[in-house]
1. For region 78-97, what are the residues that are over 13 Å from Leu19 (Cβ atoms) and assigned to a helix (DSSP H, G or I)?
2. Out of all the residues in region 8-28, which are within 18 Å of Phe89 (Cα to Cα) and aliphatic (A, V, I, L, M)?
3. Look through region 1-36, keep the residues that are in a helix (DSSP H, G or I) and of a type in the set (S, T, N, Q), and return whichever of them is surrounded by the most Cβ atoms within 10 Å (Cβ to Cβ).
4. Tally time: how many residues in region 42-73 are surrounded by 13 or more Cβ atoms within 10 Å (Cβ to Cβ) and over 21 Å from Arg9 (Cβ atoms)?
5. With the requirement that a residue be without any contact (Cβ under 8 Å) to a residue 12 or more places away in the chain, in a loop (DSSP other than H, G, I, E, B) and farther than 23 Å from Ile30 by Cβ, what does region 44-74 give you?
6. Condition check: aliphatic (A, V, I, L, M), surrounded by fewer than 16 Cβ atoms within 10 Å (Cβ to Cβ) and over 25 Å from Leu99 (Cβ atoms). Does Val39 satisfy that?
7. With the requirement that a residue be among the aliphatic types (A, V, I, L, M) and in contact with an Asp or Glu (Cβ under 7 Å, 6 or more places away or on another chain), what does region 1-42 give you?
Amino acid sequence: MKDNQTIHRSNRFILSNQLQGFCNALHAIIAANREPRIVTVEILQKLYKDLLSITNGHCVEDLPKIPQDISGADILVFAEILKETCWTFLRPEELKDLLNVNNVIGNLDCIAKVRKLVTGN
């Protein structure tokens, strides 16, 4: 039986989850001693653009541009800053949903899958 109930989430909530997944994947890539590829930088640039479209203020707008030759560690730092900034714009109930146990377990599973994909183990 198909569930026809529509679930509505705010753009901030969706972006927060995307940034969390991005950071999880970066942690796994770096842990496997791999460098992210150009597509990783492009994804980060898109996520930054998305954050700028739903927030405002100099603490978000004054971040430096993301260079194409950025290191994996610097990508992770930038992504973590974006994630934490995005979280500050969430409503309390959205933050609670984001941090619930099921989400944490799902993120750990994502890390394991990426690590296996990258290392082959």
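Values quoted throughout were computed directly from the atomic coordinates according to the rules given, and no laboratory measurement underlies them. Values in this document were obtained by computation on a predicted structure and should not be read as measured data. For neighbour counting, all protein chains shown are included, and Cβ atoms are generated from backbone atoms with ideal geometry for every residue, glycine included.
1. The answer is Pro92, Glu93, Glu94, Leu95, Lys96, Asp97.
2. Passing the criteria: Ile14, Leu15, Leu19.
3. Filtering region 1-36 for residues that are in a helix (DSSP H, G or I) and of a type in the set (S, T, N, Q), the one surrounded by the most Cβ atoms within 10 Å (Cβ to Cβ) comes out as Ser16.
4. 6
5. Asn56, Gly57, Asp62
6. Considered against the rule, which asks whether it is aliphatic (A, V, I, L, M), surrounded by fewer than 16 Cβ atoms within 10 Å (Cβ to Cβ) and over 25 Å from Leu99 (Cβ atoms), Val39 comes out as yes.
7. Leu15
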